[in-house]
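Contents: one structure, followed by commentary.
The values are calculated or read from the model by the stated rules, or taken from the named source; none is laboratory data. Bear in mind the structure is a predicted one, so any value in this text is a computation, not a measurement. Because the Cβ atoms are built from the backbone with ideal geometry, glycine has one as well, and the counts that use them run over all protein chains shown. Just so you know, the surface numbers come from the protein's heavy atoms only, side chains and all, with ligands and any DNA or RNA stripped out. Shrake-Rupley method; radii C 1.70, N 1.55, O 1.52, S 1.80 Å.
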Amino acid sequence: MHESGRELAHPHPRPLSLRERGDGRTASVLVTGRAVNYTVAMAAPASPVDSAPAPVPASLDRPPLPLLFRVLHAEKAKSTHHKLALDALTHLTGEHSVQWRNLFLRQVEPLLTGAKAPDKTFKDFTNHVLHVRDGLWGGAPKKVRQWYEALTDRLSARDWPAAAYAAGVLSHYYTDPLMPFHTGQSEKEKCIHRAAEWSCTKSYDLFKADLEGALGWPAVAMPTGDDWLEQMTIDGAARANRFYDDFCERYDFAAGVKNPQAGLDGVCRRELALCCGHAAVGFALILDRAIAESGQTPPRSGVSLIGFLTSFSKPILWLTRKLHDRADRAEVMRIWKEFKKTGDVVKRLPEESRVTREAFAEHQKATAASSAGGVQSSTESPRERRRMIAAVPSPAPAAESAPRLAPQTTPDPFAQAFQAATLEAAKFEAEEFEVEQVDEPLAAPRSPRFGAPPASPFAYAAPPSTNPSSHGSSSHGASQTFRLHPADPVVDAPGIGPKTAARFLKIGVETVGDLISGDPHDVADRLDTRWIVPEVVRDWQDAAHLMCRIPNLHGHDVQILVAVGVTDPDDVVGLAPDDLLGLTEPLLSTSEGERILRGGSPPDLEEVTNWIAWAKAARPLPGEGEPRRAAA
């Protein structure tokens, strides 16, 4: 692709889905009222095998990867962003590339923390997209430039942890718009976005095997000029956008829910592999240039698996990888069930998608208003390119602003952001489990069969319940009693302890029914507590909903069911006892499962068989004014 005659080699030539000139070679994109022309080097249609891009020559000569890299990739890289950041290190080609790779491996904690910071910390989701067909809407190009400059500053200062963190953040902002669903927006994509994203994550190792094999790593060209980085991001997004429509049509939502890899057919697997390959190779080129601009050489220190393990004081990722996979599965299952029931995804729409869609809707309104006033378009010259990108609509500045190194007398916003991120890295993924050790987000069960809770400064001792519906047989015998009713106080809902209940009372959520009927996003916003995000509220709602409808279930029972993605009585009835037990076993071997059980025994086959039998006696969710009743 090239602009105004500047040709760039494109590794995988196919027509852009943009407005094309009669010769089929020039696509125009309207950006803030100006038309920018790109010329796409096209080839005749070819078979999928024939059209595979040629491997980058350096990929063929890469040195063998040390065992440490393979261990980190397998055990610490739990997301696509982690894997892309690590795989890019294997494509470094500059001077001392092996030493630079080892340096980043030694700084793996800040590197991987940075790679997820835009999602977990900054949450500036409109900066993670670049809508190719909507006037290049989105803030990705500016964020890529911002964090590239932060990276070169930190490399120049030989501040290796901060440089690794900046590299991780940069990798996220660069690679996100190189994935098809971050380059546009449609109703169909909205419903399948999260499931397709999960399929990509679970298929990444297959993508990599294809890239290392017959498919080959794609060649990525680095543009010239002052705006090379912004142009490189736009080129990658334009390439990914060519598969946007096909991806929407080809993704098998139903199959992907059961088996994430099965959601992708052969064409999807090939195209997404090429997108990931382009992202990894492209980011390696960016790292090489940042290193060269810094003028620094890597420190003379080796890295080994033994040395790493002996100095690794926070092995949190090692402990939570399987739990993360379970959480993804549960989230995708909930999205699928809403889509199957309603034909849309509203209640379960992930926060990232919701924020981006709302911002884009506002952008469209503003664009429509401008168009009504008569906006003229014109063609930009290369010299105006940088000014044009700076004018691309984007959200309000994020709190993680990362300018160049400021004078010593001026507070450095990047340093403040990195210091905060360092604290995050020290608890990387641990914060959620620290919260869970007290009464939030899922409190300890109040079932008598578990006896008194263990002595602990974090232990939660539930007060004796005065709720008449909670009395009855504490064993799973023949007696069937509904243990929760929408009219009960919110503190009786599973997972809600006294402190959380006090927070709810302050915002007017007084009963279980209030909790169940609330909008998760609104409730989380009004609670204004960092760890109480919409997903946590949804879990509370689902657990309370199950306990109100299915007789005999205790709080820990519904917590287990919700944690594995079973949120409706029909879901319970539809599972065989062996299958339901198989869903719970991986959860109960984790710290979350241990917290739910509170020293009690995990459910066995007989118990989950009872759950299924009781689910068959489920009642509709009663209104708060309806009387409590025993199951028929």
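Structure notes:
- Qualifying residue in the stretch 609-620 (condition: without any contact (Cβ under 8 Å) to a residue 40 or more places away in the chain, part of a helix (DSSP H, G or I) and more than 17 Å from Ile496 (Cβ to Cβ)): yes
- Qualifying residue in the stretch 540-554 (condition: open to solvent by 10 Å² or more (accessible area, probe 1.4 Å), closer than 16 Å to Lys347 by Cα and part of a loop (DSSP other than H, G, I, E, B)): no
- Close pairs (6 angstrom Cβ cut-off, 6 or more residues apart or separate chains): modelled with pLDDT of 90 or more in the stretch 531-545, among the polar types (S, T, N, Q) anywhere: Asp542/Thr567; Ala543/Gln559
- Helices (runs of 4 or more DSSP H) (entirely within the stretch 174-263) containing at least 1 residues that are within 22 Å of Phe360 (Cα to Cα) and in contact (Cβ under 8 Å) with a residue 24 or more places away in the chain: 187-212, 228-241, 244-250
- Among the residues of the stretch 582-601, those identified as part of a helix (DSSP H, G or I) and open to solvent by less than 30 Å² (accessible area, probe 1.4 Å) are Thr584, Leu587, Leu588, Glu592, Gly593, Arg595, Ile596, Leu597.
- The stretch 563-574, subset crowded, with 20+ Cβ neighbours inside 10 Å and assigned to a loop (DSSP other than H, G, I, E, B), residue modelled with the lowest pLDDT: Gly565
- From the options Leu170, Leu111, Leu105, residue that is surrounded by fewer than 23 Cβ atoms within 10 Å (Cβ to Cβ) and touching a Phe, Trp or Tyr at 6+ places or on another chain (Cβ under 7 Å): Leu105
- Selection count, the stretch 506-518, where residues are free of Cβ contacts under 8 Å to residues at least 60 places away in the same chain and either at positive phi or not hydroxyl-bearing (Ser, Thr, Tyr) (or both): 9
- Test set (1) open to solvent by less than 30 Å² (accessible area, probe 1.4 Å); (2) modelled with pLDDT under 90 - Val523 fails condition number: (2)
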